[in-house]
Amino acid sequence: MSHSVRIFESACKGCVNCLKSCPTEAIRVVDGSIRILPDLCIDCGECLRTCGKKALGLEEDDWDLIRSHTPGVLAVDPTFFAQFGAYWHPSMVIECLREWGLEMITTQAPKAFDLAAYAVAAAIDTASREQLPLISTYCPSVVRLIQVRFPELLGRLVPVQNPLDIMGDLWRRETLRDDPITLLSPCPSKITLVRNPVSRSSSPFQHVVSVRKVTRQLLAAGPQVADNLPDPVNKRWLKWALRGGEARHVRAFSPKPIVTLAVSGLRNTLDLLQDLELGRLAGVDFVECRICDLGCIGGIANAESRFLASLRLQPLPAPWEIEPSEREELAAMYESGIWALEKPVPPRPRIPLSENLTEAMAKLKEMKAIYAELPHIDCGSCGRPSCNAMAEDIVRGEGEITDCIFKLRDEISDLANRIVLLSKSVPHTMKGRS
């Protein structure tokens, strides 16, 4: 399974900060180096935020190599337009890239996000009260988090593709071109959206690069563009970079009033999904979750502060009153089904303790017994995020009880006491002479 977090082993000091931050306990520190369990990693980027040693980075494509093959086609995340202070206008950013010989997908981008919002509103409208609330699929890490930790909520995921994927599909369908497309991603999650797509056989994008890398090169070049460029009419799609932007877009297309709830940040997302799992969100129709703080503008692969980015996007006018001609065009695209998932999102269960049920139950019992002996303080000194994770690794044959520093100390203490006792004993044949 291809993921987007790159490990620099020489930089790792074994500080275990990263493994404590992982929401799915996907990280281990073995022999002083990081190891990521691919079946548990959701590419949320929390480990990158906490690693102060630069031992973790992004697994992205070579931007210089991509630039050398011009003209190139770019699909950009809405966050890209919030990264610039001087070039604050969307048309100015597009013109800067055009000077580099790069073509940005502009016509299909707003249509793709409109279509996604239209499809979500339609799904909410046709769902029964028991099926609500539906959950947004825009944040790939939220989808993977549900696959790993909340599989019973998979049926609530709205069956709509990520609008970035829809953008690529629409561009190919309308232009009939097969040029490679590069996605500019604000986070490792959307890098994996390209490398390892969920619920579709392949991604419409061939390359993926971080927003940060392109932004810094663009600003360093200092291109000169006019400030009287035409203003894009539809800026609704840019609001998806902010928390609540998708929910507002969905409400604009809903044929009836709906109740939406938008949260951002890992802990808030976990809390909300737990509440939803317990049935505490009665009356809510749609839930928008973002792993990153304040929404996608908080992505680890962005160049700008999420607060400054929010300051630029919040006042940007967006026409929430949808024109009848736009609705007609979207209704036609909706009928084509280009927005729909190819297949349902599957769960990602942990590798079983054993393929044999009896043996698996025995190992589970052993795991509980080992866990009972551990100190239950989840210190991370053993290289695992929790005592429970250590007990599981031991029964899988991937560790020993003495990996726990407290159990090792007990073993050393017992051994020292035995040595003292042995030092006082003499052979049976010599007792009379002692």
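Can you pull out every residue in region 37-56 that is at pLDDT 90 or above and either among the basic types (Lys, Arg) or in a strand (DSSP E or B) (or both)? Matches in region 37-56: ARG49, LEU56.
Just checking, does region 211-222 include any residue being modelled with pLDDT of 90 or more and in contact with a Lys or Arg (Cβ under 7 Å, 6 or more places away or on another chain)? No, the conditions are met nowhere in region 211-222. Within the set ILE401, ILE412, the sole residue that is modelled with pLDDT of 90 or more, of a type in the set (A, V, I, L, M) and under 30 Å from CYS41 (Cβ atoms) turns out to be ILE401.
Within region 277-290, restricting attention to residues that are modelled with pLDDT under 95 and within 18 Å of GLN147 (Cα to Cα), the residue that is surrounded by the fewest Cβ atoms within 10 Å (Cβ to Cβ) is LEU278. If the condition is being surrounded by fewer than 16 Cβ atoms within 10 Å (Cβ to Cβ) and either farther than 23 Å from ALA11 by Cα or among the aliphatic types (A, V, I, L, M) (or both), then region 38-88 contributes ASP39, ASP64, LEU65, SER68, HIS69, THR70, PRO71, GLY85, ALA86, TRP88. Assigned to a loop (DSSP other than H, G, I, E, B), assigned by the TED database to the domain that holds VAL158 and either crowded, with 16+ Cβ neighbours inside 10 Å or of a type in the set (Gly, Ala, Ser) (or both): does that describe ALA318? When the stated conditions are applied, ALA318 passes them.
Counting only residues that are of a type in the set (D, E, K, R) and under 24 Å from the mean Cα position of the chain (by Cα), which one in region 51-86 is nearest to ARG312 (Cα to Cα)? Step by step, filter region 51-86, then rank; the result is ASP77. If the condition is being assigned to a loop (DSSP other than H, G, I, E, B), in contact with a helix residue (DSSP H, G or I) (Cβ under 7 Å, 6 or more places away or on another chain) and in contact (Cβ under 8 Å) with a residue 12 or more places away in the chain, then region 395-422 contributes GLY399, CYS404. Just to check your reading of the model, which residue among GLU392, GLU355 is without any contact (Cβ under 8 Å) to a residue 60 or more places away in the chain, of a type in the set (Asp, Glu) and part of a loop (DSSP other than H, G, I, E, B)? Matching residue, one of GLU392, GLU355: GLU355. Looking across region 159-190, the residues that are among the β-branched types (Val, Ile, Thr) and in contact (Cβ under 8 Å) with a residue 60 or more places away in the chain come down to VAL160, ILE166, ILE181, THR182.
Looking across region 170-208, just one residue is small (Gly, Ala, Ser) and on the phi > 0 side of the Ramachandran plot, and that is SER199. Got at least one residue in region 87-103 being small (Gly, Ala, Ser) and within 21 Å of the chain's Cα centre (by Cα)? No, region 87-103 has no match at all.
One line per residue, one yes/no per condition, for (1) in contact with a Pro (Cβ under 7 Å, 6 or more places away or on another chain); (2) closer than 30 Å to LEU157 by Cβ; (3) surrounded by fewer than 17 Cβ atoms within 10 Å (Cβ to Cβ); (4) basic (Lys, Arg):
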position: PRO346; (1), (2), (3), (4): no, yes, yes, no
position: ARG350; (1), (2), (3), (4): no, yes, yes, yes
position: THR358; (1), (2), (3), (4): no, no, yes, no
position: ILE370; (1), (2), (3), (4): no, no, no, no
position: ILE377; (1), (2), (3), (4): no, no, yes, no
position: PHE406; (1), (2), (3), (4): yes, no, yes, no
position: ARG409; (1), (2), (3), (4): no, no, yes, yes
position: ALA416; (1), (2), (3), (4): no, no, yes, no
position: PRO427; (1), (2), (3), (4): no, no, yes, no
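So for region 336-350 (the condition being under 28 Å from PHE253 (Cα atoms), of a type in the set (Val, Ile, Thr) and either touching a residue at least 12 places away in the same chain (Cβ under 8 Å) or not assigned by the TED database to the domain that holds ALA247 (or both)), does at least one residue qualify? Yes, because at least one residue in region 336-350 is under 28 Å from PHE253 (Cα atoms), of a type in the set (Val, Ile, Thr) and either touching a residue at least 12 places away in the same chain (Cβ under 8 Å) or not assigned by the TED database to the domain that holds ALA247 (or both).
Against the condition part of a loop (DSSP other than H, G, I, E, B) and either under 19 Å from the mean Cα position of the chain (by Cα) or not aromatic (Phe, Trp, Tyr) (or both), how does ASP178 come out, does it pass? So ASP178 fits the description; yes.
The values are calculated or read from the model by the stated rules, or taken from the named source; none is laboratory data. For clarity, every value in this text was computed on a predicted model and none was experimentally measured. Because the Cβ atoms are built from the backbone with ideal geometry, glycine has one as well, and the counts that use them run over all protein chains shown.
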